[in-house]
1. Condition first: closer than 18 Å to G86 by Cβ, open to solvent by 70 Å² or more (accessible area, probe 1.4 Å) and either at pLDDT 90 or above or in a loop (DSSP other than H, G, I, E, B) (or both). Now tell me which residues in the range 140-162 satisfy that.
2. Residue pairs, Cβ under 7 Å, 6 or more apart or interchain, first in the range 92-117 and among the polar types (S, T, N, Q), second part of a loop (DSSP other than H, G, I, E, B). List them.
3. Among the residues that make up the range 32-45, is at least one of them aliphatic (A, V, I, L, M) and at pLDDT 85 or above?
4. Scan the range 96-107 for residues that are buried (at least 17 other Cβ atoms within 10 Å of the Cβ) and more than 10 Å from the chain's Cα centre (by Cα) and jot them down.
5. Within the range 112-137, how many residues are surrounded by 11 or more Cβ atoms within 10 Å (Cβ to Cβ) and either modelled with pLDDT under 75 or hydrophobic (A, V, I, L, M, F, W, C) (or both)?
Amino acid sequence: MNAVLSMAATRLVHEPSKLVLGQCRLCGCQLNAGEGDNLTNEICSACEDRPEAKRLSHKRPAAGAGAAPARDITPAEKALIRKLHGFMPAQQLLGILNERLYCDLGPDAAPYTMEQLYAEIGEGAVTAPAGGIQDWAGMRKLLNQAKKSGVLAAINEQVINDFAVVYSLNQKQILGLKDILLHETEEK
């Protein structure tokens, strides 16, 4: 082991241009000082002309610290938000959007903020709770939102029976759904 370390140290003293210092942030190849790689920004000479390399040479703004986002939310991302915001927690949806942004613009793009996401979702939109419905208070809140949006009025016994067939509910689950959902509609 000592022989290997001493040989590596001798090589660095006699051939400093062969010093390997990590990997390129874009392509992942080994950086080499002798090949003209940019060791400051950790970018190899082959990737220096790429647009991502130019962005990497600038300091990344801190997320949420009043930094302007890299871009506005795209039409594709708006469609994704419309389809998914009611089925997943906002933090998870924001993570997906920022992952798309990272893939499109590179690792140093300023991420989307929660405020942008909430502005796109809009006021009064029904969103999935982060921890799911854990208690009766959460259930009442969800039923109230369904009532306000008109979804609860569309649920009848046939819809519950169809739902039970598709999701293979047992009799206890079916009776619980009918008791909760149909009781709510009868109170109107």
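1. V151
2. As it stands, the answer is N98/P111; N98/Y112; T113/G64; T113/P69; Q116/P69; Q116/I73, since those pairs meet every condition given.
3. Checking the range 32-45: not a single residue is aliphatic (A, V, I, L, M) and at pLDDT 85 or above.
4. The answer is G106, and nothing else.
5. Step one: list which residues in the range 112-137 are surrounded by 11 or more Cβ atoms within 10 Å (Cβ to Cβ), which gives 112-114, 116-121, 125-129, 133.
Okay, now just the ones that are also either modelled with pLDDT under 75 or hydrophobic (A, V, I, L, M, F, W, C) (or both), so 114, 117, 119, 121, 125-129, 133.
Here the count works out to 10.
The values are calculated or read from the model by the stated rules, or taken from the named source; none is laboratory data. Keep in mind that what you see is a predicted model, and the values were worked out from it rather than measured. Please note: Cβ atoms are built from the backbone with ideal geometry, for glycine as well, and neighbour counts cover all protein chains shown. The accessibility values were calculated without ligands, DNA or RNA, using every heavy atom of the protein model including side chains. Shrake-Rupley method; radii C 1.70, N 1.55, O 1.52, S 1.80 Å.
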